[in-house]
Amino acid sequence: YGLFEETRSEAEKQASVPSGIVYADRGGDFNSRQILMLSDRKPHQTPQFGTVETRPVSESFLGHTRYAFEVTLNPGKRDKQTGKVVPMRSGEDVANWFLARSSQSWGFSVNAENLQTEKIGVQVLAKGGRTITHGSATLKGELHVTDPDCFRQSFLQGIGRGRAFGFGLLQIVPLSGN
């Protein structure tokens, strides 16, 4: 986030107004690491380590109706008694949660037959002297855009919880036959 100018006030941050930046850590090896970023503005500084390549996303890119996708999410359900968000641990629960949320909230439906749920685990971070643990699951498959405006917002702002921690970037590739 230090690469970008801050555009939100403290009140907007507290109200969970999106930052305009979503990212996904694609991993790497001893020599390199790839982090994909989608932002509504260009970085204002050169990183201390590595390089940043920027490319605009054309309006036509979001004009397709079918995409292959990959997304890493923080799937969870709110416990009615405690009010805390409890991570989902089974692939079936994650898939069902994703299928329901995609059509209700994100402007697309997902082909359940080829939905793959992978890498179910946790992400542990230290922040402000505390330990933060997020459930994590990577999903891959095919989506069909049902609400173009909602889908555009989902792509630009990310989906689900934990976007500030690298969750929710929809990595999409248009499929032919659109």
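The values are calculated or read from the model by the stated rules, or taken from the named source; none is laboratory data. These numbers were taken from a predicted model, which means no experiment stands behind them. A quick note on method: Cβ atoms are made from the backbone with ideal geometry, for glycine too, and the neighbour counts reach across all protein chains shown. When the accessible area is computed, the model is the full protein with side chains, heavy atoms only, and any ligands, DNA or RNA have been set aside. Shrake-Rupley method; radii C 1.70, N 1.55, O 1.52, S 1.80 Å.
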Please indicate, with yes or no, whether at least one residue in the stretch 77-87 is surrounded by 15 or more Cβ atoms within 10 Å (Cβ to Cβ) and free of Cβ contacts under 8 Å to residues at least 60 places away in the same chain.
yes
Output yes when any residue across the stretch 21-36 is under 29 Å from PRO148 (Cβ atoms) and in contact with a helix residue (DSSP H, G or I) (Cβ under 7 Å, 6 or more places away or on another chain), and no when none is.
yes
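Would you tally the residues in the stretch 123-133 being assigned to a strand (DSSP E or B) and either open to solvent by 60 Å² or more (accessible area, probe 1.4 Å) or touching a Cys at 6+ places or on another chain (Cβ under 8 Å) (or both)? Lay out the reasoning, then the answer.
Kept after step one, since they are assigned to a strand (DSSP E or B), are these residues of the stretch 123-133: 123-127, 130-133.
Checking the rest, the ones that are also either open to solvent by 60 Å² or more (accessible area, probe 1.4 Å) or touching a Cys at 6+ places or on another chain (Cβ under 8 Å) (or both) come to 124, 126-127, 130-131, 133.
Counting residues in the stretch 123-133 that are assigned to a strand (DSSP E or B) and either open to solvent by 60 Å² or more (accessible area, probe 1.4 Å) or touching a Cys at 6+ places or on another chain (Cβ under 8 Å) (or both) gives 6.
Out of the residues in the stretch 45-76 that are within 16 Å of VAL145 (Cα to Cα) and more than 19 Å from the chain's Cα centre (by Cα), state the one that is surrounded by the most Cβ atoms within 10 Å (Cβ to Cβ).
Filtering the stretch 45-76 down to residues within 16 Å of VAL145 (Cα to Cα) leaves 59-71.
Applying the additional criterion that residues be more than 19 Å from the chain's Cα centre (by Cα) yields 59-60, 63-65.
Numbers: GLU59: 8, SER60: 8, GLY63: 12, HIS64: 18, THR65: 15.
So, considering only residues that are within 16 Å of VAL145 (Cα to Cα) and more than 19 Å from the chain's Cα centre (by Cα), the one surrounded by the most Cβ atoms within 10 Å (Cβ to Cβ) is HIS64.
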Identify all residues within the stretch 1-44 that are without any contact (Cβ under 8 Å) to a residue 24 or more places away in the chain, among the hydroxyl-bearing types (Ser, Thr, Tyr) and open to solvent by less than 80 Å² (accessible area, probe 1.4 Å); write none if there are none.
SER9, SER32
Selection over the stretch 143-167 where residues are buried (at least 18 other Cβ atoms within 10 Å of the Cβ) and either free of Cβ contacts under 8 Å to residues at least 12 places away in the same chain or touching a strand residue (DSSP E or B) at 6+ places or on another chain (Cβ under 6 Å) (or both) yields a count of 9
Test result for SER136, open to solvent by less than 40 Å² (accessible area, probe 1.4 Å), polar (S, T, N, Q) and over 30 Å from GLY2 (Cβ atoms)
no
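Taking the stretch 108-142 on its own, how many of its residues are closer than 18 Å to GLU92 by Cα and out of contact with any helix residue (DSSP H, G or I) (no Cβ under 7 Å at 6 or more places or on another chain)? Can you show your working first?
Residues of the stretch 108-142 closer than 18 Å to GLU92 by Cα: 109-122, 135-142.
Narrowing the set further to residues that are out of contact with any helix residue (DSSP H, G or I) (no Cβ under 7 Å at 6 or more places or on another chain) leaves 111, 113-114, 116, 118-119, 121-122, 135-136, 138, 140.
Looking only at that region, the number is 12.
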